[in-house]
Amino acid sequence: MARLLLINYEFPPLGGGAANATDNTARELAALGEEVLVLTSAFGDLPRVERRADGVEIRRIPTLRRRRDRSSVVEMLAFLASSLVMAPLIAARWRADATIAYFGLPCGPAAWMVKALSGVPYVVSLRGGDVPGFQYDGISLYHRLAGPVIGWLWRRSSAVVANSDGLAGLARRFAPDQPIAIIPNGVDATRFSPADAGPADPKTVDPKTADGGNAGDRLSLLFVGRVVRQKGLDVLFEALASLPAGTRSRIGLTIVGDGPARPELEAQAARLALSERIAFRGWLGRDELPAAYRAADIFVFPSRDEGMPNVVLEAMAAGLPVVATRIAGNRDLVVEEETGLMLDADDTPALAAALARLAEDPALRRRLGEGGRRRVVEHFSWRAVAAAYRDLALVGRAAAGRVRSAQAE
């Protein structure tokens, strides 16, 4: 049995895809018989120490975190400072065997400090925005300033892991001499399942019937994620507005998530006369989210840049056809014309055409949805992800042990 310390400044109910990946990996590591401790941010009245029934222990350390859905640079720096003090203390008392740091920054420095003080090796799990060159609003300057530190942390790790081929390629361009392993995200195909696998939660708003229409002739689109420019919702709104009136009147869009772009998008929806057709639902709880997928007909994800989006995997597991941009993270998941339809980022006419095509072809929606579900079940699981991280982390532990033995001699 190994003791694995997972560090992520975001952990449910905080954060998005990387937080959920940490949660799922922790749960499956515990199911594999390992001892797991997660170090994350304190928030509101969440308990500072939590021992879950699944065997995962959570320690929440003081930070300045004020919002559930996002963290400012100052708040991330606060976690970095706090974790530099707390992580070595916790790791030493708990006697960790290896550390997995999600995001090179702000979590990598704490993992390095644990190694420096206790000799515990660490793995860096890249998630997208922590890789220089990743296109995300407002972080190009951050990457220029933090790049040397990021590279320094990678070189001192026992392994650096990307969650997609595209993100691995970006990391290799930044650090050509750094080996980059690939461990994809997974999905809980039992929790996220097609609508015919169980009833949807009646509390979940379904835009197919939200305006009193007949569910049989309404089409429900779903987006899940942070409401930021990176996700391309502005392009989706333009695409919806460009549809023929008859098609547009049948479509409703539910947006699950929140973020700083919401006021601007609400104004855009009003300007395009789409407000009645778009429902901003905010963040849903863990138990509510599967029902949101089951209530939808199509999952749409027009993002401009991604690592590997968990939400696309969840949608595929739920049997939804996916309309997504042809970017690195999506290309690793969506098989064009087999599990979904793809288009270039910022291509409004192509997005509108894909939506119109699916709106008029129920058989195509069914075929793509079944293909997505099949692909998830056959190729992606959190158990496999957890086992891969465990094996990589413990290889690092064995190597560190050999180094200490040689030094002793």
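Before moving on, here are some points about what is shown:
- Packing-based ranking, highest mean first, of 367-375, 296-304 given that Cβ atoms within 10 Å are counted: 296-304, 367-375
- Relative contact order [Cα under 8 Å, 6+ residues apart], region 195-379, whole percent: 23
- Built amide H within the under 5 Å cut-off of Ile100, gap 5+: Leu5, Leu6, Ile7, Val123
- Global form of region 6-141, assessed from the alpha-carbon gyration tensor, a/c cut-off 1.5: rounded
- Nearest-20 debye value, the chain charge dipole, Cβ charges on Lys, Arg, Asp, Glu: 1120
- What the phi angles of region 254-268 give under the Karplus curve with 6.51, -1.76 and 1.60, with θ = phi - 60°, is a coupling list of 10, 10, 9, x, 7, x, x, 7, 4, x, 5, 5, 5, 5, 5 Hz, glycine and proline written as x.
- Lys, Arg +1 and Asp, Glu -1 on Cβ, resulting dipole of region 195-379 about Cα centre, debye, nearest 20: 180
- In terms of its alpha-carbon gyration tensor, the chain comes out prolate; a/c meets the 1.5 threshold, and the first ratio a/b outweighs b/c.
- Mean residue ellipticity (222 nm) of the chain, computed from DSSP H runs ≥ 4 via -39,500 (n - 2.57), nearest 500: -13000 deg cm²/dmol
- Magnitude of the charge dipole, region 22-137, Cβ model with Lys/Arg +1 and Asp/Glu -1, debye to 20: 360
- The 3J(HN,Hα) values that the Karplus relation (6.51, -1.76, 1.60; θ = phi - 60°) gives for region 222-230 are, in residue order, 10, 10, 10, x, 5, 8, 9, 4, 3 Hz. Gly and Pro appear as x.
- Residues considered: Ile255, Ile90, Ile100. Largest GNM mean-square fluctuation over the chain, using C-alpha springs under 10 Å, is found at Ile90.
- Here the relative contact order of the chain, from alpha carbon pairs under 8 Å that lie six or more residues apart, stands at 16 percent.
- Taking only the alpha carbons of region 195-379, we obtain Rg and Dmax values of 14.8, 44 Å in that order.
- Derived scalar couplings ³J(HN,Hα) [region 80-87; Karplus, 6.51 cos²θ - 1.76 cosθ + 1.60; whole Hz; x for Gly, Pro]: 4, 5, 5, 5, 4, 7, 7, 4
- The relative contact order of region 1-121 comes to 29 percent, based on Cα pairs under 8 Å that sit 6 or more residues apart.
- Residues whose placed amide H lies under 5 Å from that of Val323, excluding near-sequence neighbours: Phe299, Val300, Phe301, Leu341
- Shape of region 263-357, Cα gyration tensor, a/c cut at 1.5: oblate
Throughout, read-outs are computed from the coordinates displayed, never taken from laboratory work. Since the model is a prediction, treat every value here as computed from it, not as a measurement. With ideal geometry, Cβ positions are generated from the backbone for all residues, glycine too; neighbour counts draw on all protein chains shown.
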